[in-house]
């Protein structure tokens with residue numbers, strides 16, 4: 001194999017290493033990929049960029065044999081190749097490090113590498129192999145360490161070493177810096193450069209623009225399942241990439257129609273955060289210096305890319321977690337519609353009646369007032385148009401849309417001063433989506449302070465009177481403008 | 001109203017079905033191992049139901065510890081606590097009750113019996129506290145810790161009846177007899193059935209009411225059905241509810257042990273329990289974890305056990321064969337549960353739930369698939 005020569009800081013590229021051509025993939029009614037294309041050369045660090053749900057991960061899962069394409073061809077070193085499983089891909093020299101590591105915490109580094117390799121198990125040999133690869137590649141790793149005790153950066157190095165031990169020449173890293181500290185991110189990215197200089201190929205799935213531009217040679221941008229930009233890093237700018245990622249498509253669904261900014265500014269603040277910091281479940285700080293005030297009768301939209309700290313911001317505002325620093329002034333009762341409905345909002349094996357009773361179950365004393373709750377459930381089902389036989393029907397039998405309408409109705413029951421909502425229409429059909437959005441607007445009009453986060457920027461724009469962006473754990477308010485919001489999300 | 005009637009009739013039908021299945025399996029086993037089927041089953045029937053005094057002194061007497069431990073299992077499982085340790089908690093309760101009963105002066109009278117039962121409750125709860133802390137502090141699965149603690153409890157009892165609690169002649173591995181004044185009074189004169197049975201009945205009805213009607217019982221059920229939603233949507237302190245469920249479960253089993261020594265054996269033996277705490281799992285599952293239905297399933301298993309003794313005595317059929325039958329019944333019940341859940345899922349799909357994306361599907365199976373054996377709430 002001819003190594004690409006580097007001259008004057010410009011990478012000279014040979015024939016393409018891996019080509020994905022006209023790849024399409026459909027999930028149900030969702031067209032995840034629509035004739036997407038992707039080309040990467042040997043000796044290249046290539047960034048694959050796009051908004052949440054643009055199809056980046058799906059495309060790379062197809063390149064790694066985890067998913068099958070409905071249509072399209074994959075070419076490796078100029079010859080077509082069929083990838084039925086990750087095993088096929090690994091045999092062809094393609095390795096992938098998923099966002100969620102596939103490691104066994106209780107095992108050592110050596111055992112994890114040995115796991116999944118074929119033939120006789122020789123731990124001593126694996127040990128030597130790891131040391132050699134780790135030294136060669138400059139990825140410090142102790143073969144005897146137990147994975148569960150390693151920091152995330154080291155676990156990621158282990159995943160890479162695992163791929164290299166299987167002789168990967170093309171390495172796909174899915175959002176590799178999402179779990180890393182800034183120092184670890186820098187180390188990882190500079191490692192990718194070294195790997196590429198030695199003839200390897202790295203594909204980085206990413207959405208943090210700035211850090212990617214510093215390291216990538218080639219850039220491909222996906223939007224809504226289509227390839228919209230293929231370019232060299234030194235031929236482009238942050239602006240051009242951001243434009244490609246966000247598109248200039250008009251914003252549908254009444255962006256300005258029923259905004260009521262004027263009223264909101266006179267109203268009293270309901271939810272207030274002052275210089276607040278918060279940790280995630282593992283104790284890593286995800287949010288810092290957040291100051292935010294949300295008034296009665298307004299919808300504040302929260303826009304952010306994955307893992308920017310919005311999860312913690314929403315739970316802070318909903319009173320579900322407490323700040324590690326700063327002060328949060330919140331009302332007694334706050335309605336909360338979490339993103340993972342089936343996990344956090346409903347009990348599938350319980351009846352609608354019991355699911356309604358779940359609200360404030362933590363504070364209730366004495367006996368359950370089943371009769372009045374039954375009346376309330378009947379009213380809720382009628383007002384919120386929840387299609388079910390009666391309050392004794394099990395939640396499991398309801399469609400997703402009806403479940404979500406029920407949850408929003410429950411959380412809004414009795415007009416709480418505030419409502420915090422996370423991805424309210426994910427997975428719902430158009431009709432249910434409209435119902436849910438109308439319910440949120442109606443709550444706002446009734447004087448509730450509403451906070452909505454959606455991973456779909458268009459939904460944030462459609463619902464919000466004001467918009468705040470969470471990026472890298474910092475919160476700031478931005479004008480109601482798609483381009484501005486999009487850039488702020490990407491940290492630009 | 002129709003649903004009410006169906007709700008009452010269904011558990012009864014299931015009990016009947018389970019009992020029929022048990023007899024059918026037993027008949028097949030008997031025929032297969034060369035025992036006279038008719039004669040053996042006749043002995044079983046005779047030992048369980050032949051007269052009112054047999055029912056009271058046999059079936060219902062055997063059903064009593066099964067009901068206590070069955071309730072212990074049911075209440076724990078409803079809270080999502082898989083307590084397999086009713087056996088050990090029962091033994092600890094029996095030991096503590098014996099120790100107290102042997103220590104109180106005769107002047108205490110009936111008050112001494114109350115003290116002994118209280119000691120049983122505390123000891124059972126305390127024994128369940130160990131797996132509770134292990135789970136809540138260190139994430140140790142209670143399925144494993146409770147089973148292991150059963151062995152510890154069994155050996156602890158063995159130690160007690162050969163050491164500090166051994167009878168005065170120091171010959172037999174058992175405690176001295178509990179004084180007359182502390183023994184539980186007979187419920188029906190002329191039979192061996194004691195007031196402990198009435199106590200178990202009251203507890204079953206009370207727990208049924210507790211789960212259905214009180215806020216605390218509702219929290220327990222919701223925590224068991226989906227702890228994430230209970231914490232997030234219900235703002236329920238899930239750890240606290242879990243801790244309470246461990247304690248209540250252990251207390252019930254411990255009380256069962258205390259009742260057994262003060263009502264039946266009047267002394268502590270190493271083999272006091274022929275596995276009541278394990279049969280309790282069958283009792284609770286057959287009752288679909290409903291405390292009131294557990295009365296019926298405890299009686300079914302009590303009859304099987306009483307009948308098994310008679311069958312061994314009169315037809316020389318090993319009592320262990322009934323153990324095989326019990327296990328078969330549990331397996332068939334679990335299988336029917338699984339098939340039922342599958343059918344329910346299919347009908348809900350047919351009702352036009354929109355197709356979900358693949359990743360979502362995979363994510364969302366987990367919280368509810370975690371407790372497949374739990375029945376829908378009444």
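Identify all residues within segment A:342-389 that are without any contact (Cβ under 8 Å) to a residue 24 or more places away in the chain, more than 8 Å from chain B (Cβ to nearest Cβ) and under 24 Å from residue A:415 (Cα atoms); write none if there are none.
Correct list: A:369, A:371, A:372, A:373, A:374, A:375, A:378, A:379, A:382, A:387.
Tell me which residues, restricted to segment A:411-435, are crowded, with 22+ Cβ neighbours inside 10 Å, in contact with a helix residue (DSSP H, G or I) (Cβ under 8 Å, 6 or more places away or on another chain) and either part of a helix (DSSP H, G or I) or away from chain B (no Cβ under 14 Å) (or both).
Passing the criteria: A:412, A:418, A:424.
Of the residues that make up segment A:463-477, is at least one out of contact with any strand residue (DSSP E or B) (no Cβ under 8 Å at 6 or more places or on another chain) and not in a loop (DSSP other than H, G, I, E, B)?
Checking segment A:463-477: not a single residue is out of contact with any strand residue (DSSP E or B) (no Cβ under 8 Å at 6 or more places or on another chain) and not in a loop (DSSP other than H, G, I, E, B).
Taking segment B:185-218 on its own, how many of its residues are within 14 Å of chain A (Cβ to nearest Cβ) and more than 22 Å from the chain's Cα centre (by Cα)?
So the answer is 3.
What's the total number of residues in segment A:95-133 that are touching a helix residue (DSSP H, G or I) at 6+ places or on another chain (Cβ under 9 Å), under 18 Å from residue A:176 (Cβ atoms) and in a loop (DSSP other than H, G, I, E, B)?
Here the count works out to 5.
Take the residues in segment A:186-220 that are modelled with pLDDT under 80 and part of a helix (DSSP H, G or I); name whichever of them is surrounded by the fewest Cβ atoms within 10 Å (Cβ to Cβ).
Looking at residues that are modelled with pLDDT under 80 and part of a helix (DSSP H, G or I), I get A:210.
Residues being out of contact with any helix residue (DSSP H, G or I) (no Cβ under 7 Å at 6 or more places or on another chain) and buried (at least 19 other Cβ atoms within 10 Å of the Cβ): count how many of those fall in segment A:75-85.
The total comes to 1.
How about segment A:190-204: which of its residues are in contact (Cβ under 8 Å) with a residue 40 or more places away in the chain and either over 24 Å from the mean Cα position of the chain (by Cα) or farther than 17 Å from residue A:17 by Cβ (or both)?
A:191, A:193, A:194, A:195, A:196, A:197, A:198, A:199, A:200, A:201
Would you check if residue B:118 is in contact with a strand residue (DSSP E or B) (Cβ under 7 Å, 6 or more places away or on another chain) and at pLDDT 95 or above?
No: the conditions fail for residue B:118.
Using the structure shown, decide if residue B:221 is in contact with a helix residue (DSSP H, G or I) (Cβ under 7 Å, 6 or more places away or on another chain) and closer than 30 Å to residue A:353 by Cα.
yes
Restricting to segment A:442-456, what's the tally of residues that are crowded, with 20+ Cβ neighbours inside 10 Å and in contact (Cβ under 8 Å) with a residue 40 or more places away in the chain?
Selection size over segment A:442-456: 8.
Condition test on residue A:315, is it in contact with a strand residue (DSSP E or B) (Cβ under 9 Å, 6 or more places away or on another chain), modelled with pLDDT under 90 and either at the interface with chain B (Cβ under 8 Å from one of its Cβ atoms) or buried (at least 19 other Cβ atoms within 10 Å of the Cβ) (or both)?
Numbers: in contact with a strand residue (DSSP E or B) (Cβ under 9 Å, 6 or more places away or on another chain): yes; modelled with pLDDT under 90: no; either at the interface with chain B (Cβ under 8 Å from one of its Cβ atoms) or buried (at least 19 other Cβ atoms within 10 Å of the Cβ) (or both): yes.
Considered against the rule, which asks whether it is in contact with a strand residue (DSSP E or B) (Cβ under 9 Å, 6 or more places away or on another chain), modelled with pLDDT under 90 and either at the interface with chain B (Cβ under 8 Å from one of its Cβ atoms) or buried (at least 19 other Cβ atoms within 10 Å of the Cβ) (or both), residue A:315 comes out as no.
Select from segment B:226-241 the residues that are surrounded by 21 or more Cβ atoms within 10 Å (Cβ to Cβ) and over 13 Å from residue A:344 (Cβ atoms) and list them in ascending order.
B:241
Quick one: which residue in B:6, B:78 is at pLDDT 95 or above and within 14 Å of chain A (Cβ to nearest Cβ)?
Result of the check over B:6, B:78: B:78.
The values are calculated or read from the model by the stated rules, or taken from the named source; none is laboratory data. This one's a predicted model, so the numbers in the text were calculated from it and none came from an experiment. We place every Cβ from the backbone using ideal geometry, glycine too, and count neighbours over all the protein chains shown.
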